[in-house]
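Following: one structure in structure tokens, then a few remarks.
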Amino acid sequence: MNILNSSIEFLKGIGPTRFRVMQDELKIFNYNDLINYFPIRYIDRTRFYNLNDLPRSTSEIQLTGKIINCSIKKQFKRKILIAELESNNQKINLVWFRGYKWVIDKLKINEKYVVFGKLNWFKNTPSLVHPEFVLQHLFIKEKQLKIYPLYSIPEELVSKGITQKVFRNSIENLFFKITNNLVETIPDYIIRKYNLISRNIALSNIHFPKNHDILNKSIYRLKFEELFFFQIKLIRNKRIKKDKIKGLVFKKVGYYFNKFYKNNLSFDLTKDQKRAIKEIRYDMATGKHMNRLLQGDVGSGKTIVAFMTSLIAIDNNFQACLMAPTEILAIQHYKSIKKSSQNLNLNISLLTGSTKKKEREEINIELKNGNINLIVGTHTLIEEKIIFKNLGLAIIDEQHRFGVAQRSRLWKKNLIPPHILIMSATPIPRTLSMTLYGDVDISSIKELPPGRKKIKTYLRSDSKRLNVFKFISSQIKKGRQIYIVYPLIEESKKMDYKDLMDGFESISRYFPLPKFRISIVHGRMKSKDKDYEMERFVNGKTQIMVATTVIEVGVNVPNASVILIESAERFGLSQLHQLRGRVGRGDHQSYCILMSSNQLSDDSKKRLNTMVEYSDGFKIADVDLKLRGPGDVSGTKQSGLIKFKIVDILGDQELIKTTRELAIEILNKDPELLNKNNLNLNRVYKSIYKGEKNIWNYIS
Ligand code: ADP
Ligand code: MG
């Protein structure tokens, strides 16, 4: 057995309990999985900065110096702790907004420290907020002057003992065991041509970088590898598919489509919606197999396009299905489709994880005998038991939430592959999607439905909170509903949860029962409870929804008119945009209020002002790309159709192009990868995409 397939259970530092958690929650089973779980970020503690020469951005820096002063000050009604650090005859403030009692106890005046934290610029003055600190004589240079990896670990797992330290130690132990077992995957001639470092060196340095140079080379090498094999697959599949796969022919646009269009449609379709439907109709009638991405900003009206697409399938005596990533979304789609299809005499059903057994059995029967025309549901739809009589169309909403394997299981539910329509609100530049998706066609809805009022976006600091609450109160009086969103990030989750709970408490005090009712939803709740709370809000039983970003995807509550985003400076631009899309879905003037701390860095200011200024998702994605500096390893690894391990779809456009051209060149010369030069390549390719032998897997 290849040692890389060994279970991590017996790896030093893991053991059976952690193993179970890592296996269940992170899908890490063996050495190979663990080694391929790359850090999302690094903490650079390789050098000490000079106060004369600080970077102008908000990066993390390390300093040495003497604490010369430490006092509590009052600022904007709250207490903060400021300690002055003297370093090379210059001074910088270290600032704590929270937990300062602990800090005061520890910090000793006139002692030398090593401090490390995020640099914050305010009005041209730098400071460090909540820095880590250690007495200089306790700092061991050889051991601590390093680049540290940071892994993505969900908070629930940290409390189960899966910490950064466990990751670091166990991966370190792993490398002792396997150094000679990491084989090269890329042929020699390519390694030389593109100046790549070996896989061995890249993998060990992606986890434990010796220096920045080797880290960058490792990242480049691993991105190259990921993209190269991906492009080989994409181009091979495209060629094979062209030869082998015939599509169902939907010639008729008949009874249901026309009747719906005439009698049921309660609004005029936008130009873009019409064009999308036309493109889809045409596509499904040609005899080619449709594989189409319907891209449109939040609220642009993709659902109706999807539904009308399914009417075409039904008109041609086929069944259709619509799969959503969460139960709430599935129910929402089901309800709105049911409502708009009255008098059509269609059999539309809903199937989710909580569908009762008896009902489920009935649905199974009716799907099998063809009585159900359209089924809306969650992952449950891909279960083996679910058998269609003749599935002609599979629609997937917010598909980046599903894995490739899950999606392809849906295609396999018909003898001839059903047409596929995938919906996404993540805007990707067109040039990019061509190189990434190969033969996926794209329909874009850029124009919002008419009468949609532009969401008014404001930036407010904490000192204006009372006014903001008054405003919220007036909106509730008018019958509207409110979202209040709190940030939650890996590295400060404990604090974040505390903020969320503190916030919830003060909101509950300001908006007391019985006049106001408040829902709360966050990641620590069971999904059953989450759904319950969401549902209460969706049904208007509560007026305020306090939540972390779990509400980001797709929820449609047209009556919600305000989204208040707390500590908005801590969110990424695309996330803010997604969040803002939760409001402005009905007739009411809607508002997005970005709450931020009084001190904003230049970067944060730019980001938040972009939100105030622009509403177009494509434009915001553009700014996002420009603002994000090079070397930002985390980022849009996941977007649209594909989930990458290390590639950043927006940041790595150049490399996407390079690897694509290389893959085309290789496959032109050697379509089956049988040349001697490419034998190893062929073997690796097959092992990466093993089990994908039948034609079904060439779609996606
Ligand atoms: P998304 O593209 O984010 O999935 P939805 O399909 O949920 O957006 O549509 C958002 C709202 O806009 C829904 O309430 C829907 O009924 C409405 N809508 C869609 N198309 C139009 C239109 N052409 N005119 C008016 N309202 C529309
Ligand atoms: Mg939607």
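The values are calculated or read from the model by the stated rules, or taken from the named source; none is laboratory data. Remember, it's a predicted structure, so these values are computed and weren't measured experimentally. Cβ placement follows ideal geometry from the backbone for every residue including glycine, while neighbour counts extend to all protein chains displayed. Only protein heavy atoms, including side chains, enter the accessible area calculation; ligands, DNA and RNA are left aside. Shrake-Rupley method; radii C 1.70, N 1.55, O 1.52, S 1.80 Å.
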Review point. At a 1.4 Å probe radius, carbon and sulfur cover how many percent of the accessible area of region 511-621?
Key: 48 percent
Review point. Excluding ligands, DNA and RNA, what is the solvent-accessible area per residue of the chain at a probe of 1.4 Å, expressed in Å²?
Key: 48 Å²
**Study point:** Sequence-separation-based contact order of the chain, relative, with Cα cut under 8 Å and 6+ spacing, percent
**Key:** 13 percent
**Study point:** Candidate aspartates and glutamates - alpha carbon under 20 Å from Lys106, same-chain residues fewer than 8 apart omitted
**Key:** Glu84, Glu86, Glu132
**Study point:** Label-reachable residues, region 118-157, where backbone N falls under 18 Å from a point 7 Å from Asp213's Cα toward its Cβ
**Key:** 146-147
**Study point:** Residue list for region 113-155, given a label point 7 angstrom along the Cα-to-Cβ vector of Gln90 and an amide N cut-off under 15 Å
**Key:** 119-122, 124-128
**Study point:** For region 1-149, size of Cβ-based charge dipole, Lys and Arg +1, Asp and Glu -1, in debye
**Key:** 740 debye
Point to revise | Over the chain: helical MRE at 222 nm, DSSP H runs n ≥ 4 each giving -39500 (n - 2.57), nearest 500 | key: -12000 deg cm²/dmol
Review point. Relative contact order, percent, of region 255-445 when contacts are C-alpha pairs under 8 Å separated by at least 6 residues?
Key: 33 percent
Practice item. Using packing as a proxy for protection, rank 102-108, 477-483 so that the peptide with the highest average count of other Cβ atoms within 10 Å comes first. Key: 477-483, 102-108
Check your understanding: Points 7 angstrom from Cα along the Cβ direction at Ile201 and Glu366: gap in nanometres?
Key -> 6.4 nm
Exercise for review: Using the charge dipole of the chain (Lys, Arg: +1 at Cβ; Asp, Glu: -1 at Cβ; taken about the Cα centre), state which of Gln75, Val538, Asn390 has its Cα farthest towards the positive end.
Suggested key: Val538
**Study point:** Which listed pairs, of Lys238/Lys368; Lys274/Lys454; Lys177/Lys669; Lys66/Lys118; Lys112/Lys143; Lys79/Lys526, have C-alpha distances above 28 Å, in listed order
**Key:** Lys238/Lys368; Lys177/Lys669; Lys79/Lys526
Exercise for review: Compare the peptides 572-580, 671-679 by average per-residue count of other Cβ atoms within 10 angstrom and give them in order, highest first.
Suggested key: 572-580, 671-679
**Study point:** Asn467 paired with Lys676, simple spin-label distance in nm, labels 7 Å along Cα-to-beta-carbon
**Key:** 7.8 nm
Revision key, fill the gap. Whole-percent carbon and sulfur contribution to the accessible surface of region 64-133 (1.4 Å, no ligands, DNA or RNA) stands at 46 percent
Review point. Could you give the dipole magnitude of the chain about its Cα centre, charging the beta-carbon of Lys and Arg +1 and that of Asp and Glu -1, in debye to the nearest 20?
Key: 1020 debye
Exercise for review: Pull out a ≥ b ≥ c, the square roots of the eigenvalues of the alpha-carbon gyration tensor of region 64-164, then state rounded if a/c is under 1.5, prolate if not and a/b is larger than b/c, and oblate in the remaining case.
Suggested key: oblate
Exercise for review: Binning at 20 Å from 0, report for the chain what percent of all alpha-carbon pair distances ends up in each bin.
Suggested key: 15, 46, 33, 6, 0
Exercise for review: Return the inverse of the average 1/r over all pairs of distinct C-alpha atoms in region 255-445, which is the Kirkwood hydrodynamic radius, in Å to one decimal.
Suggested key: 16.7 Å
Check your understanding: Of Lys356/Lys412; Lys470/Lys515; Lys335/Lys385, which sit over 19 Å apart, Cα to Cα?
Key -> Lys356/Lys412; Lys335/Lys385
Review point. How large, in percent, is the carbon and sulfur part of the accessible surface of region 255-445 at a probe radius of 1.4 Å?
Key: 51 percent
Check your understanding: Highest mean first, what order results for 519-527, 221-229 on Cβ atoms within 10 Å?
Key -> 221-229, 519-527
Check your understanding: Quick one: length gained pulling Lys252 to Arg192 fully straight, 0.36 nm per residue minus the C-alpha distance?
Key -> 16.1 nm
